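Shown next, in structure tokens, is the structure this report addresses.
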Amino acid sequence: MTGFFITIEGPDGAGKSTQVRLLAEYLREKGLEVVVTREPGGTPLAEKIRNLVLDVSEEPVAPVTEVLLYAASRAQHVDQLIKPALQRGAVVISDRFVDSSIAYQGFGRRLGADLVWQVNRPAVGEIMPHLSIILDIEPGQGRRRLARRQQLQQTGPDRLEQEQLVFHHRVREGFLALAKEYPERIKLLSAEGSIDSIHRQIVSLVKEKINAKGMDRD
Ligand code: TYD
């Protein structure tokens, strides 16, 4: 496996998508093949599962159903998109990956990190990110940012975004616990700075890791 796998994580409203886009532009300018993707989703079948799991419906979704749906979407994503891209030597940037399941289902839904890892092990196999960046934001502020964006785009909150603030506080605890447990892989950045300053911090983390792996073509 010669590629490089980066995941951008964090609560809703942290500005992940903007940072994914800026990072992809930066790396493409360096002449690298960059594959941008997201979870849940990333392949046609995984996107169908995304709709199943995020749609707001009358029927309550059991937490175990939820964790299995995210894992099913991930298994397909890894097998069909992430693994082949890494084998070609590409840089893959995913907006969310397995850490989101630990934070949302493990902590948010209180299924526990152990169970969520167990369910996800067959989905990810040996494909773990070389670098994961968590954009951290206070949940109340994240929610306000999200509401502003959704008002502009005239969209509404999905099923997970509709959860109470206490749920989102648990999710944040989950992300912070992950950053503490895996300090080599996971880097925590405050999402409260300017877009440009967060981008520069991300670039410097990525450069450091890619250089260490010997992939930089500067
Ligand atoms: P996201 O794509 O970030 O939402 P949007 O595109 O609307 O900003 O993620 C969708 C939701 O799914 C988000 O609330 C987090 C949740 N999620 C989980 O609960 N577990 C997971 O494993 C993943 C990948 C996402």
When every residue in the stretch 85-130 that is more than 12 Å from the ligand (Cβ to nearest atom), among the aliphatic types (A, V, I, L, M) and within 19 Å of Gly42 (Cα to Cα) is compared, the one surrounded by the fewest Cβ atoms within 10 Å (Cβ to Cβ) is Met128
Within the stretch 7-53, residues being exposed (fewer than 15 other Cβ atoms within 10 Å of the Cβ) and closer than 18 Å to Ala103 by Cβ number 1
Of the residues in the stretch 4-54, those that are small (Gly, Ala, Ser) and under 18 Å from the mean Cα position of the chain (by Cα) come to Gly10, Gly13, Ala14, Gly15, Ser17, Ala24, Gly41, Gly42, Ala46
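Quick one: would you say Ala14 is within 10 Å of the ligand (Cβ to nearest atom) and of a type in the set (A, V, I, L, M)?
Working: within 10 Å of the ligand (Cβ to nearest atom): yes; of a type in the set (A, V, I, L, M): yes.
In short, yes.
Of the residues Val61, Val91, Val34, only one is closer than 23 Å to Pro157 by Cβ and out of contact with any Ser or Thr (no Cβ under 7 Å at 6 or more places or on another chain); which? Before you say what the answer is, go through the steps one by one.
On the way: Val91 fails: closer than 23 Å to Pro157 by Cβ; Val34 fails: closer than 23 Å to Pro157 by Cβ.
Unique residue meeting the criteria: Val61.
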Considering only helices (runs of 4 or more DSSP H) wholly within the stretch 112-186, the ones with at least 1 residues that are among the aromatic types (Phe, Trp, Tyr) and farther than 25 Å from Val92 by Cβ are 165-181
Hey, does the stretch 143-157 have a residue that's open to solvent by 30 Å² or more (accessible area, probe 1.4 Å), in contact with a helix residue (DSSP H, G or I) (Cβ under 7 Å, 6 or more places away or on another chain) and at pLDDT 95 or above?
no
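What residue, of Ala179, Ala212, is out of contact with any His (no Cβ under 7 Å at 6 or more places or on another chain), surrounded by 14 or more Cβ atoms within 10 Å (Cβ to Cβ) and aliphatic (A, V, I, L, M)? Give the steps one after another, and end with the answer.
Values: Ala212 fails: surrounded by 14 or more Cβ atoms within 10 Å (Cβ to Cβ).
Selected residue: Ala179, the only one of Ala179, Ala212 that is out of contact with any His (no Cβ under 7 Å at 6 or more places or on another chain), surrounded by 14 or more Cβ atoms within 10 Å (Cβ to Cβ) and aliphatic (A, V, I, L, M).
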Across the stretch 48-60, the tally of residues that are more than 11 Å from the ligand (Cβ to nearest atom) and touching a residue at least 12 places away in the same chain (Cβ under 8 Å) stands at 4
Flagged in the stretch 21-53 as closer than 21 Å to Val124 by Cα and of a type in the set (A, V, I, L, M), in numbering order, are Val34, Val35, Val36, Leu45, Ala46, Ile49, Leu52, Val53
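Listed here are the residues, each with its yes/no results for (1) out of contact with any Phe, Trp or Tyr (no Cβ under 9 Å at 6 or more places or on another chain); (2) among the charged types (D, E, K, R); (3) under 24 Å from Glu138 (Cβ atoms).
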| position | (1), (2), (3) |
| --- | --- |
| Thr7 | no, no, yes |
| Ala14 | yes, no, yes |
| Lys30 | yes, yes, no |
| Thr43 | yes, no, no |
| Lys48 | yes, yes, no |
| Asp55 | yes, yes, no |
| Val61 | yes, no, no |
| request: State yes or no: is Leu189 more than 27 Å from Val61 (Cβ to Cβ) and either open to solvent by less than 30 Å² (accessible area, probe 1.4 Å) or among the small types (Gly, Ala, Ser) (or both)? | output: yes
By residue number, the members of the stretch 131-142 that are surrounded by fewer than 18 Cβ atoms within 10 Å (Cβ to Cβ) and either within 9 Å of the ligand (Cβ to nearest atom) or of a type in the set (S, T, N, Q) (or both) are Gln141
Flagged pairs (Cβ under 7 angstrom, 6 or more apart or on separate chains; first in the stretch 178-199, over 18 Å from Phe97 (Cβ atoms) and of a type in the set (Gly, Ala, Ser); second open to solvent by less than 70 Å² (accessible area, probe 1.4 Å) and part of a strand (DSSP E or B)) are Ser190/Asp136
Scanning the stretch 1-26 residue by residue, those touching an Asp or Glu at 6+ places or on another chain (Cβ under 9 Å) and of a type in the set (D, E, K, R) turn out to be Glu9, Asp12, Lys16
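The values are calculated or read from the model by the stated rules, or taken from the named source; none is laboratory data. This is a predicted model, so every value here is computed, not measured. Methodologically, a virtual Cβ is constructed for each residue, glycine included, from the backbone with ideal geometry; neighbour enumeration extends over all protein chains shown. Each accessible area value is taken on the protein alone, full model and side chains, heavy atoms only, with ligands, DNA and RNA left out. Shrake-Rupley method; radii C 1.70, N 1.55, O 1.52, S 1.80 Å.
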